[in-house]
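**Student:** To start, I am sharing the structure in question, which I have written as structure tokens.
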Amino acid sequence: MGQYVQDGKPITDSTDFAGFDVHQVVGQFIIPPLALVLLLIALIGKLGIKWSAWLLLVVVIQVALAYASFAVPGLGILHGIVAFAVLGLAEVAARAVGAASSHARAAQAGPAT
């Protein structure tokens, strides 16, 4: 694709790159349901609910930006920036749940002798 753009050819709807299709499928049909499932698991387990909810909200914003950037191409940069927010929130959520569950295990085990 880099050579394609360097040759001065535009990227349009008719441009055939499999990477765009994979990006669309993952971003539209895999990540949003996973974020929703993560929130449901957090609600059931009562751990990381806040972070899971924020992650789902940011994923919804990410998908909305993807669609909006077709009409307003300048929003594409926000789509890229929000992708890093999704990654960061997922990492923070995973660490928070891991820390909370390890504290819960330590509390159940009782004081060390």
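**Student:** List every residue pair whose Cβ atoms sit under 7 Å apart, with the two residues 6 or more apart in sequence or on different chains, where the first one lies in the stretch 56-71 and is farther than 22 Å from Glu91 by Cα and at pLDDT 95 or above and the second, anywhere, is of a type in the set (Gly, Ala, Ser) and buried (at least 18 other Cβ atoms within 10 Å of the Cβ).
**Tutor:** So the pair list comes out empty.
**Student:** Here's something else I'd like to know. Could you run through the stretch 68-78 and say how many residues are part of a helix (DSSP H, G or I) and surrounded by fewer than 13 Cβ atoms within 10 Å (Cβ to Cβ)? Outline the logic, then answer.
**Tutor:** Residues of the stretch 68-78 that are part of a helix (DSSP H, G or I), as a first pass: 68-71, 73-78.
If we keep only those that are surrounded by fewer than 13 Cβ atoms within 10 Å (Cβ to Cβ) as well, we get 70-71, 73-74, 77.
Of the residues in that region, 5 qualify.
**Student:** Hey, another quick one. Please go through (1) farther than 17 Å from Gln24 by Cα; (2) more than 21 Å from the chain's Cα centre (by Cα) for Ala71 and return the number of the only condition it doesn't satisfy.
**Tutor:** Of everything listed in (1) farther than 17 Å from Gln24 by Cα; (2) more than 21 Å from the chain's Cα centre (by Cα), Ala71 misses just condition (1).
**Student:** What number of residues in the stretch 21-67 are among the small types (Gly, Ala, Ser), more than 30 Å from His103 (Cα to Cα) and surrounded by fewer than 16 Cβ atoms within 10 Å (Cβ to Cβ)?
**Tutor:** Kept after step one, since they are among the small types (Gly, Ala, Ser), are these residues of the stretch 21-67: 27, 35, 42, 45, 48, 52-53, 64, 66.
Pick out the ones that are also more than 30 Å from His103 (Cα to Cα) and you get 27, 64, 66.
Cutting the leftovers down to surrounded by fewer than 16 Cβ atoms within 10 Å (Cβ to Cβ) gives us 64.
The qualifying residues number 1.
The values are calculated or read from the model by the stated rules, or taken from the named source; none is laboratory data. This is a predicted model, so every value here is computed, not measured. Cβ atoms come from the backbone with ideal geometry, glycine included; neighbour counts cover every protein chain shown.
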